[in-house]
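For reference, the structure is listed below as structure tokens.
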Amino acid sequence: MRHIIQFVVSRGDNQYVAEGVNFPAVTQATTLDKLVENIKEVTELLLEGEGPAAFGLAASPSVFVNLELPNTIHA
């Protein structure tokens, strides 16, 4: 059983997008604060409907969020 639900956050043209890694969730928002709220909401909704075990998760998993920054290194 996994204890962590991982999301990867990327920046689109107008919004931030969070995609679950090994977790079937995607959400978006115009600010990072709102995105965090959306991640919590979508995670709670999915776990409420199916339960953590249906996703191979422990009873009280943590949420881990990675933010991908655009390439800023100029060669």
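Regarding Ala59, is this residue without any contact (Cβ under 8 Å) to a residue 12 or more places away in the chain, in contact with a helix residue (DSSP H, G or I) (Cβ under 8 Å, 6 or more places away or on another chain) and in a strand (DSSP E or B)? So Ala59 fits the description; yes. Can you spot a residue in the stretch 5-23 that is modelled with pLDDT of 95 or more, over 23 Å from Asn71 (Cβ atoms), within 11 Å of the chain's Cα centre (by Cα) and not in a strand (DSSP E or B)? Within the stretch 5-23 (the criterion being modelled with pLDDT of 95 or more, over 23 Å from Asn71 (Cβ atoms), within 11 Å of the chain's Cα centre (by Cα) and not in a strand (DSSP E or B)), the answer is yes, since at least one residue qualifies.
For the stretch 1-31, a residue qualifies if it is more than 26 Å from Glu50 (Cβ to Cβ) and among the acidic types (Asp, Glu), and exactly one does: Asp13. Screening Thr27 against (1) among the polar types (S, T, N, Q); (2) in a strand (DSSP E or B); (3) surrounded by fewer than 16 Cβ atoms within 10 Å (Cβ to Cβ) leaves a single unmet condition, (3).
The values are calculated or read from the model by the stated rules, or taken from the named source; none is laboratory data. Nothing here was measured: the structure is a model prediction, and the numbers come from that model. No Cβ is skipped: glycine too gets one built from the backbone with ideal geometry, and neighbour counts run over all protein chains shown.
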